[in-house]
Amino acid sequence: MPSGTVRVVNVKPADRLQDPEIVQAPAWPGEPFRQHGWEYEIWSGANRALLENVRFGAR
């Protein structure tokens, strides 16, 4: 049964989240999404090949 909740997921490879230039980029959208009542999370739980395929498919 759908809950009506909106969740935005930012997918990044775990090794990219260690890069100081990248670390702030996925964090900033969280506040505007939360202000609209949406959930926001940063996910890096899959292997790099899978994440690259997701990124390719999103284009």
Exercise. Can you name the number of the only condition in (1) modelled with pLDDT of 80 or more; (2) exposed (fewer than 13 other Cβ atoms within 10 Å of the Cβ) that Asn47 fails?
Worked result: (1)
For this session: Select from the range 32-56 the residues that are among the acidic types (Asp, Glu) and farther than 19 Å from Ile22 by Cα and list them in ascending order.
Result: Glu39
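I need the full set of residues from the range 1-31 which are small (Gly, Ala, Ser), in a loop (DSSP other than H, G, I, E, B) and either in contact (Cβ under 8 Å) with a residue 60 or more places away in the chain or closer than 14 Å to Trp43 by Cβ (or both), in order please. Walk me through it before giving the result.
To start, the set of residues in the range 1-31 that are small (Gly, Ala, Ser) comprises 3-4, 14, 25, 27, 30.
Among the residues that remain, those that are also in a loop (DSSP other than H, G, I, E, B) are: 3-4, 25, 27.
Once the filter is applied, which keeps residues that are small (Gly, Ala, Ser), in a loop (DSSP other than H, G, I, E, B) and either in contact (Cβ under 8 Å) with a residue 60 or more places away in the chain or closer than 14 Å to Trp43 by Cβ (or both), the range 1-31 yields only Ala27.
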Problem set entry | Per-region count, the range 18-43, residues at pLDDT below 80 and in contact with a strand residue (DSSP E or B) (Cβ under 8 Å, 6 or more places away or on another chain) | 2
Exercise. Out of (1) touching a residue at least 24 places away in the same chain (Cβ under 8 Å); (2) of a type outside the set (D, E, K, R); (3) surrounded by 10 or more Cβ atoms within 10 Å (Cβ to Cβ), what's the single condition that is false for Gly37?
Worked result: (3)
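The values are calculated or read from the model by the stated rules, or taken from the named source; none is laboratory data. None of these values were measured; they are calculated from a predicted model. Neighbour counts run over all protein chains shown; Cβ positions are idealised from the backbone, glycine included.
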